[in-house]
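Everything on this sheet refers to the single structure shown next.
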Protein chains: 2
Amino acid sequence: MKARVHVMLKNGVLDPQGEAVRHALGTLGFDGVEGVRQGKVIELDLAETDAAKAEETVKDMCEKLLANTVIESYSVEIA
Amino acid sequence: MKARVHVMLKNGVLDPQGEAVRHALGTLGFDGVEGVRQGKVIELDLAETDAAKAEETVKDMCEKLLANTVIESYSVEIA
C-alpha cells in the first residue's frame, strides 16, 4: 500500500524557501506569481494492506518524525 | 488560481533523504516500511485565471527553475 504525506509550514510561519522561489521566478520574467509556499512530500511504500490501519500508522509517523507539528502541518493520502 | 507542483527524484536516482527517513522510522519501531522517497512540493498562487494557460506557465517554471530535469521529474496540478 502506498501513502503520500505532504508537510507544509503552517500559515503565518515565514517560508524563506518559498520567498526565494518567488523572487527567482520574478527575475526569470514570470509575472503574476502572488505567493509561493514550499514543503516536503514523502512517499511511503507500506507492507500494511488495510487502508484505515495504514492511515493511522502514517499519522503516527508524522507526529513522531516526519513533521514538526509546532510549525508544520501535514496531510496523509492513502492510495 | 492555485497550482501545486510535485518534484521527485527519478526512479533509479539514489535518494539519501528518503533512505534516512526509512532508517529513522525503523529505529522508532515502525515495521513494514518497504521504501521511502522524499521530494518537494511547491504551492503557487497565480494571478492567471485560465487553467490551461496557468498549467502551461507552471510547466515552463518547472523546466526553467523548479526541477532539475536531469535527475528529477515533476507533475503539475491546477486547482
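Overview of results
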quantity: Residue count for region B:64-78, restricted to those that are more than 11 Å from chain A (Cβ to nearest Cβ) and outside any loop (DSSP other than H, G, I, E, B); calculated: 6
quantity: Residues satisfying the stated conditions in region B:20-29, i.e. more than 19 Å from residue A:6 (Cα to Cα) and at the interface with chain A (Cβ under 7 Å from one of its Cβ atoms); calculated: B:28
quantity: Residues that are out of contact with any helix residue (DSSP H, G or I) (no Cβ under 7 Å at 6 or more places or on another chain) and within 12 Å of residue B:42 (Cα to Cα), drawn from region A:1-19; calculated: A:6, A:8, A:9, A:15, A:17, A:18, A:19
quantity: Single unsatisfied condition, residue A:32 versus (1) in contact with a His (Cβ under 9 Å, 6 or more places away or on another chain); (2) at the interface with another protein chain (Cβ under 7 Å from one of its Cβ atoms); calculated: (1)
quantity: Count - residues of region A:62-79 that are out of contact with any Leu (no Cβ under 7 Å at 6 or more places or on another chain), buried (at least 17 other Cβ atoms within 10 Å of the Cβ) and closer than 14 Å to residue A:8 by Cβ; calculated: 4
quantity: Filter result (assigned to a helix (DSSP H, G or I) and more than 19 Å from the chain's Cα centre (by Cα)) within region B:1-46; calculated: B:23, B:24, B:25, B:26, B:27
quantity: Only listed residue being buried (at least 19 other Cβ atoms within 10 Å of the Cβ) and under 19 Å from residue B:67 (Cβ atoms), chosen from A:22, A:4; calculated: A:22
quantity: Complete set of residues in region A:35-61 that are buried (at least 19 other Cβ atoms within 10 Å of the Cβ) and either more than 10 Å from chain B (Cβ to nearest Cβ) or not charged (D, E, K, R) (or both); calculated: A:36, A:38, A:39, A:41, A:42, A:44, A:46, A:54, A:57, A:58, A:61
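Every number in this text was worked out from the coordinates using simple rules, so none of it is lab data. Since this is a predicted model, take the numbers as computed values, not measurements. Ideal geometry is used to build each Cβ from the backbone, glycine not excepted, and the neighbour counts take in all protein chains shown.
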